[in-house]
C-alpha cells in the first residue's frame, strides 16, 4: 500500500489515562501514554483521523437509546457483544456517586447504569467536555470500538476468546500482525510490549489502540459506521460507531 497522506491515530483508555497509537505517513507505528486527552491533543491534532474507544454523541433526557450500540452488539453476537454497553445519559456523568448516577439514568432513560459503565464515566465526561469546548474536533475524532474492528479484520467474525485470556490475546495479535503486513506497516513487537509498565497500561490496551489506528488508515477497507445514517445528539455530535468494511473472502 502507499504512504498515508497524513498520520492516523487510535486511542484507548488505560490505567495511566490514555494510550495513543499513531501510524505515521511513512507507515511506522508508535505508541505513547498521556494522563488526559487535553495533554495528548498537541500530539494528535495534526492527524487526518482519530478513532477512540469511548462513546461520543450521548443520550439526553428522555431520548431514545443509541442505535449504534444495538447494531454493534448485534454484529458481534454473544459473548463479545457484552463489551459494548449503553453509555450514561449526559446528566448522570456529573453525579458524584454511583447511586445518584444510577437514579438519574433510570429517571431519564428508564434504564439503570451498570457498574462497568459507571467506572468509565469519568473518561466519557472528559472526552465529552473536550469536544464541547472544541467542536471542530468532531471532524477528525470519531467513536469506534476495538472488538468491532477485530470483527471486521476477522472476516466479520467475532473473536472466540476474551482478550484477557492468553489465547484471546494471541488471536488478536495474530490478526494485527497479518493486517499490518498487508499495508507494510513497520512494527517492532518486542519494543511495544516492553516499553510500558503494566501499572500504566495492559497489553490488551496496546492491541486495542493498535487496531483502532490500523482501522483509521482506511487501507484495509472502506470506513463505515453503525448505523449508516446516524442520529445526532443535542450538541450535534453523531451517535455512531465506525469500523472498516472488508469484503468477505470465500
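The values are calculated or read from the model by the stated rules, or taken from the named source; none is laboratory data. Small disclaimer: the values here were computed from a predicted structure and weren't measured. Backbone-built Cβ (ideal geometry, glycine too); neighbour counts: all protein chains shown.
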Checked the range 72-100 for anything without any contact (Cβ under 8 Å) to a residue 60 or more places away in the chain, outside any helix (DSSP H, G or I) and buried (at least 18 other Cβ atoms within 10 Å of the Cβ); matches are 86, 87, 88, 89, 95
Pick from the range 58-71, criterion crowded, with 20+ Cβ neighbours inside 10 Å and touching a helix residue (DSSP H, G or I) at 6+ places or on another chain (Cβ under 7 Å), ranking: farthest from residue 125 (Cα to Cα): 59
All conditions in (1) exposed (fewer than 14 other Cβ atoms within 10 Å of the Cβ); (2) farther than 22 Å from residue 226 by Cβ; (3) in contact (Cβ under 8 Å) with a residue 60 or more places away in the chain are true of residue 126 except (1)
Residue hits (the range 46-62; touching a residue at least 60 places away in the same chain (Cβ under 8 Å), over 14 Å from residue 238 (Cα atoms) and more than 17 Å from the chain's Cα centre (by Cα)) are none
Residues that are surrounded by fewer than 20 Cβ atoms within 10 Å (Cβ to Cβ), out of contact with any strand residue (DSSP E or B) (no Cβ under 9 Å at 6 or more places or on another chain) and at pLDDT below 95: which strands (runs of 3 or more DSSP E) entirely in the range 134-250 hold 3 or more of them? none
Can you name every residue in the range 101-119 that is touching a strand residue (DSSP E or B) at 6+ places or on another chain (Cβ under 7 Å) and surrounded by fewer than 20 Cβ atoms within 10 Å (Cβ to Cβ)? 108
Please find, within the range 2-17, the residue that is nearest to residue 56 (Cα to Cα) out of those that are out of contact with any helix residue (DSSP H, G or I) (no Cβ under 6 Å at 6 or more places or on another chain) and surrounded by 21 or more Cβ atoms within 10 Å (Cβ to Cβ). 11
Among 140, 131, which is the only one that is touching a residue at least 60 places away in the same chain (Cβ under 8 Å), closer than 30 Å to residue 95 by Cα and under 15 Å from the mean Cα position of the chain (by Cα)? 140
